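The values are calculated or read from the model by the stated rules, or taken from the named source; none is laboratory data. These figures come from a predicted structure and were not determined experimentally. Because the Cβ atoms are built from the backbone with ideal geometry, glycine has one as well, and the counts that use them run over all protein chains shown. Surface areas here come from the heavy atoms of the whole protein model, side chains and all, with no ligands, DNA or RNA. Shrake-Rupley method; radii C 1.70, N 1.55, O 1.52, S 1.80 Å.
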Amino acid sequence: MLIHGITGSGKSTTAKKIEEFIWKLHESNIKIGNQLLIPVYISLPSLKNPVFQAVEETLRQVEYGFDDLQLRECKEKLGKKEFRFLFIMDSYDEMKLENIQKNLYFHNEIKQNWSDPLVIFISRSEIFTSIDYIDWFEPQQKNKFKEIELLIFDQEQTNEYLEKFTMQSIKMLIFEIYEMETQIKKGSIDIKKFEMCWGQLYSILVFLKKNEFISFENIEALRSLSINLSKLWSIEKYQNIMEQQNLNKLVETPYMMEIMVWVLPSMMIKSFDIIKMKQNFINNFSKIFKVFEKSEYLIKMYQQQQKKHLIKLNNEIYDDKLDITQQDIQNLEKRHYYQITLKIWDKMDENLIPIQLQLSQQFSELNIQLLKILEPKLLLQNHMLNKVEIQNESIISLVCDALKEYNLTSFDFYDEFISYYYLKQIEKQKNLGKSINFDCFLFDLQKYSIKLAKIMTRNEMTQVQYKYQGLLFKDEAEEEKWLNEFFNDDGKKGNYKKDIRSCSLIQNKGQNFSFVHKSIQDFLIAADLYQLLALSKELDGQVLRYLVEEISKGQIGNQDCQFIKEIFHNKSNNLSLFVRSQQFADKIKLTMKLMKIIEKHDFNLINYSTEIYSETRKHLISKISQENKVIELFKFLVHLTKKDYKFIQSGSNSLNLLVEMQVDLTMQNFSKIQITNTSLIGANFAKCNLSQSKLENVDINGINLNGAQLFNCKWKKLLIQELFQLNDHYSVQADKSICLWDVKTGQQKFKLNGHSDQVYSVCFSPDGTTLASSSEDKSIRLWDVQEGKQKAQLDGHNSSEVYSLCFSPDGTTLASGSSDNSIRLWDVKTGSQKAKLDGHTSYVNSLCFSPEGNSLASGSNDSSIRLWEIKIRQLFQPSDKKDKEILAEFQKCPFPDNVTYYPFLIIQQALNFEAQGALILRGEFVHHSGIDLKTLLKQKGSYFLDCIKKN
């Protein structure tokens, strides 16, 4: 049997419960299939040789203590069928990567060696990357194999958990009072009697005062209990906060639910701290107001375009002085949203709203209060950009949303949970009478835990086995020496180390040590990385962008980070006032200081893109995805690889994280970057300049190189596997005509005949005067709506059905999608084809222009959505002088029509490598197996300039 689920779904708990259940059956002499079952719990990550010696190695461990004689006797009894083993093989996914995908049932010869026992494998679902994962576990008799998946929490289970937790919290508080009072009276604590009384509980205070077993005369104890009970959250409060903060997506597993219920109350108290509240509000409101205002401008612009067409149709005069243009939308980027947000906060602060929220933690009356004090005209007064009137209600709604959003992530919950746990454990140590310097002890505890987590993960371990040896003589292997640092308590500070370990989230069973949950181990590494990246908050984004520009110019001589000193000491009058200022000099010093820290950190030494760090990356990304300073630092580190080889690994890790965070990397100048030992799966480098870049041992599956410039690249040992898809077509029977109806009267106005087969799509022009139609007869027809007559016929889809149509907002261009997998752009006035857009691998069944008409979205049966640039026809221009000269040589060459048209964004499930319109000159593109990838690039539509030159 295979039992699997996502991280934190309770897999190992399930395994333990099964073991306990089978032992209870055994103790009661209950047989299954006429045999007594004996469970053997096998922790696969703790074994040295799980592939061939899993059972023997487990039975020889301290928990079971078998020697050779006992193993032989055990097998003899199994042969006589006196009992039968149930092997519970836990944490298959946490073995070393070299052992994953190996069938342990076959390799261990379990059926032959152990008389056909029952076997249960426990694993994390995320490792099942191929459809044949069942083969990793199946026995020879496949009909006996069973599979169970532990599903994520649904709402009913979440509510049930909350109910049990709240009742248990009340129970624990009462028990603590009972325990304390019993000890004061020098009585004995009777757990069974307490449980019996708890079962009869109907009123807590009455129970405490009158129950024969728990009678309190101490009024202080009762008052303390009342205060503590009032601090507990009700089920409804948990539910309301979780819904308000959109936390249900974070609590899909029992373990995450356990963390959340423990720390959410304390996190909410911290969130209502005035300083924290202000930071959250400024960060939230500036972002959502910017998005809201831009969307309002786009909507207004689209409405104006429609109105303009209607007015021109009636030969009326149109006043376009107040028209919103594309330039207006671009100018919104110049608006000081931060200053607007500060104005709003100051206005709320004047009226004591933050303090009221801190005290009440309620938002019910907030709308009414804000309506009295906020006026949009006052906030946006005297601004040349105010072409759209912002309603007061909209501002109020955005302010409320910004105040309610605390931006809580899984990282925050783990961080709070671990801090809370450490604090409680240190308090216990103090209560035991130990003299502890809190700050020093906490520092050592954090460093101890993080360092152990990093070493274990690096060695692909989730459990370690430490054998205690003698005081006088020790016989340790070289690979086990590092274990002494964490588990050898014989030295001078042995007792201190033992105290540290007892306060950590490390558990031990016999000689095996592990973190209480693998996600804790993953998180601690993420916390260490964030501690480093958080230093970027002191950096200046303007300074980092300036340094990137200087690096990209290629005018700096030094080949290491000392080039920053060149800029620091450069007093040229050609530099701007800011660059020559003392403030800039101070910022440069901070940057150099951080670079020195990064150079020695694991972030610059280890490849964090591998599978063993996948959960660590998820934790980290949940925290940094909205932190602009961290993103700026990542971009700087990527560019720094152009000049300083010492930062190649940190630059590679940075680029991997930027890709996984889905930061926009299109149209960037990445020429000369050096990236190694990382994954760029799904990266979007459309229209980027990657000339003279060096990539080695990089996974490039599913990357988008459409329109990229790849001159003299050296890409070696690349990892890529192409996925092939089949085209699919359909046909249905339908009428060949188009009917126009008067929606007011319900009467038919015209019947448009002309198509010789079924009509697939119709679309009105924005001014409503023209109707476009497409059909299975392979044609597109334009109709005069007022006359009910055909105006033009557009042919060009290579005898293929045309499934979709869409007019541009200005009505001058018609886009059509066809079963020939292409999109074509037509000039509506002349009927001529303007362009052909290739890229989809199946028929195009949906098209839509953006409101401003610069972009076109297409949907296809190849399960992808693609975004195309329509009006910006030029290629990304390189900044490097040599590249410009090279490109100039080929300006008069006969490029095909589709070179300047390619999707810059592709949304799909499948990982498809894209390189349409990429310009390649010389260079190396070599697969890790030694295969030249230039053939693949040609198949994907790349253009080889050296071939043009020869022709």
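Quick one: residue 514 ticks every box in (1) in contact with a strand residue (DSSP E or B) (Cβ under 9 Å, 6 or more places away or on another chain); (2) free of Cβ contacts under 8 Å to residues at least 24 places away in the same chain except a single one, so which number is it?
If we test residue 514 against (1) in contact with a strand residue (DSSP E or B) (Cβ under 9 Å, 6 or more places away or on another chain); (2) free of Cβ contacts under 8 Å to residues at least 24 places away in the same chain, just (2) comes out false.
For region 776-791, does any single residue satisfy the condition of being in a loop (DSSP other than H, G, I, E, B), open to solvent by 10 Å² or more (accessible area, probe 1.4 Å) and basic (Lys, Arg)? Can you show your working first?
Our first condition is that a residue be in a loop (DSSP other than H, G, I, E, B); within region 776-791, this holds for 776-779, 785-788.
After this cut, where a residue has to be open to solvent by 10 Å² or more (accessible area, probe 1.4 Å) as well, the list is 776-778, 785-788.
In the following step, the residues that additionally are basic (Lys, Arg) were identified as 778.
Yes, some residue in region 776-791 is in a loop (DSSP other than H, G, I, E, B), open to solvent by 10 Å² or more (accessible area, probe 1.4 Å) and basic (Lys, Arg).
Note down all Cβ pairs under 8 Å where the first residue falls in region 329-341 and is of a type in the set (D, E, K, R), the second is at pLDDT 75 or above and in a helix (DSSP H, G or I), and they're at least six residues apart or on different chains.
335/290; 335/293
Taking the residues in region 385-397 that are open to solvent by less than 20 Å² (accessible area, probe 1.4 Å) and in a helix (DSSP H, G or I) as candidates, determine which candidate is farthest from residue 296 (Cα to Cα).
396
Here is a list: 295, 266. Which entry is in contact with a helix residue (DSSP H, G or I) (Cβ under 9 Å, 6 or more places away or on another chain), part of a helix (DSSP H, G or I), modelled with pLDDT of 80 or more and among the small types (Gly, Ala, Ser)?
Working: 295 fails: in contact with a helix residue (DSSP H, G or I) (Cβ under 9 Å, 6 or more places away or on another chain).
Just a single option satisfies the conditions, and that option is 266.
Specify the residue that is least open to solvent (accessible area, probe 1.4 Å); the eligible residues are those in region 611-647 that are of a type in the set (S, T, N, Q) and in contact (Cβ under 8 Å) with a residue 60 or more places away in the chain.
Of all residues in region 611-647, those of a type in the set (S, T, N, Q) come to 614, 616, 622, 625-626, 628, 641.
Still in the list and also in contact (Cβ under 8 Å) with a residue 60 or more places away in the chain: 614, 616, 622, 626, 628.
Numbers: 614: 19, 616: 2, 622: 34, 626: 116, 628: 103 Å².
Going through the qualifying residues, I end up with 616.
Could you count how many residues in region 323-366 are closer than 30 Å to residue 301 by Cα and open to solvent by less than 80 Å² (accessible area, probe 1.4 Å)? Talk me through it step by step, then tell me what you get.
The first filter runs over region 323-366 and keeps only residues closer than 30 Å to residue 301 by Cα, leaving 323-344.
Filter once more, so that each one left must be open to solvent by less than 80 Å² (accessible area, probe 1.4 Å): 323-326, 328-329, 331-332, 335, 337, 340-342, 344.
Residues that pass the stated criteria total 14.
For region 774-813, which residues satisfy the criterion of being within 24 Å of residue 851 (Cβ to Cβ) and small (Gly, Ala, Ser)?
Those that are within 24 Å of residue 851 (Cβ to Cβ) and small (Gly, Ala, Ser): 774, 804, 808, 811.
Within region 793-807, can you find the residues that are modelled with pLDDT under 90, part of a strand (DSSP E or B) and either under 42 Å from the mean Cα position of the chain (by Cα) or more than 26 Å from residue 840 (Cα to Cα) (or both)?
802, 803
Quick check on this structure: which one of 13, 7 is open to solvent by 30 Å² or more (accessible area, probe 1.4 Å) and in a loop (DSSP other than H, G, I, E, B)?
Answer to the check: 7.
Which of the residues belonging to region 745-758 are buried (at least 18 other Cβ atoms within 10 Å of the Cβ) and under 16 Å from residue 795 (Cβ atoms)?
The answer is 755, and nothing else.
Name the single residue that is nearest to the chain's Cα centre (by Cα) among those in region 657-684 being free of Cβ contacts under 8 Å to residues at least 60 places away in the same chain and closer than 15 Å to residue 694 by Cα.
Initially, region 657-684 is screened for residues free of Cβ contacts under 8 Å to residues at least 60 places away in the same chain, giving 657-665, 668, 670, 673-676, 680, 683.
If we keep only those that are closer than 15 Å to residue 694 by Cα too, we end up with 670, 673-676, 680.
Values: 670: 24, 673: 25, 674: 25, 675: 22, 676: 22, 680: 15 Å.
Checked region 657-684; the qualifying residue nearest to the chain's Cα centre (by Cα) is 680.
Please determine, by comparing only the residues of region 489-505 that are among the acidic types (Asp, Glu) and in a loop (DSSP other than H, G, I, E, B), which one is farthest from residue 447 (Cα to Cα). Let's see the steps before the verdict.
Taking region 489-505 first, the residues among the acidic types (Asp, Glu) are 489-490, 499.
Checking which are in a loop (DSSP other than H, G, I, E, B) leaves us with 489-490.
Values: 489: 17, 490: 20 Å.
Step by step, filter region 489-505, then rank; the result is 490.
Kindly list, by first and then second residue, each pair from a residue in region 839-854 that is over 21 Å from residue 773 (Cα atoms) to a residue that is modelled with pLDDT under 85 and hydroxyl-bearing (Ser, Thr, Tyr), limited to pairs with Cβ atoms under 6 Å and residues at least 6 apart or on different chains.
Every condition considered, the pairs that remain are 851/302.
For region 59-82, what are the residues that are open to solvent by 30 Å² or more (accessible area, probe 1.4 Å) and either closer than 23 Å to residue 123 by Cβ or aromatic (Phe, Trp, Tyr) (or both)?
Kept after step one, since they are open to solvent by 30 Å² or more (accessible area, probe 1.4 Å), are these residues of region 59-82: 60, 62-70, 72-73, 75-77, 79-82.
Those that are open to solvent by 30 Å² or more (accessible area, probe 1.4 Å) and either closer than 23 Å to residue 123 by Cβ or aromatic (Phe, Trp, Tyr) (or both): 63, 64, 66.
I need the full set of residues from region 616-644 which are over 20 Å from the mean Cα position of the chain (by Cα) and either at positive phi or outside any helix (DSSP H, G or I) (or both), in order please. Lay out the reasoning, then the answer.
At the first step, the residues of region 616-644 found to be over 20 Å from the mean Cα position of the chain (by Cα) are 636-644.
If the condition is that a residue be over 20 Å from the mean Cα position of the chain (by Cα) and either at positive phi or outside any helix (DSSP H, G or I) (or both), then 641, 642, 643, 644 are the ones that fit.
Check every one of the helices (runs of 4 or more DSSP H) wholly within region 186-250 and list those with 1 or more residues that are at pLDDT 70 or above and either farther than 26 Å from residue 161 by Cβ or open to solvent by 40 Å² or more (accessible area, probe 1.4 Å) (or both).
Numbers: elements: 191-199, 204-210, 219-231, 235-244.
Ranges flagged: 191-199, 219-231, 235-244.
Take residue 609 and tell me if it is hydroxyl-bearing (Ser, Thr, Tyr), farther than 28 Å from residue 6 by Cβ and at pLDDT 95 or above. Even if it seems obvious, please write down each step before you answer.
Details: hydroxyl-bearing (Ser, Thr, Tyr): yes; farther than 28 Å from residue 6 by Cβ: no; at pLDDT 95 or above: yes.
So residue 609 fails the test.
Within region 122-139, is even one residue of a type in the set (Phe, Trp, Tyr) and touching a strand residue (DSSP E or B) at 6+ places or on another chain (Cβ under 6 Å)? Outline the logic, then answer.
At the first step, the residues of region 122-139 found to be of a type in the set (Phe, Trp, Tyr) are 128, 133, 136-137.
From what's left, touching a strand residue (DSSP E or B) at 6+ places or on another chain (Cβ under 6 Å): 137.
Yes, region 122-139 has at least one match.
For region 940-951, give me the residue count where each residue is closer than 19 Å to residue 684 by Cα and not in a loop (DSSP other than H, G, I, E, B).
First pass over region 940-951, keeping only residues closer than 19 Å to residue 684 by Cα: 940-943.
Next, from what is left, pick out any that are not in a loop (DSSP other than H, G, I, E, B): 943.
Looking only at that region, the number is 1.
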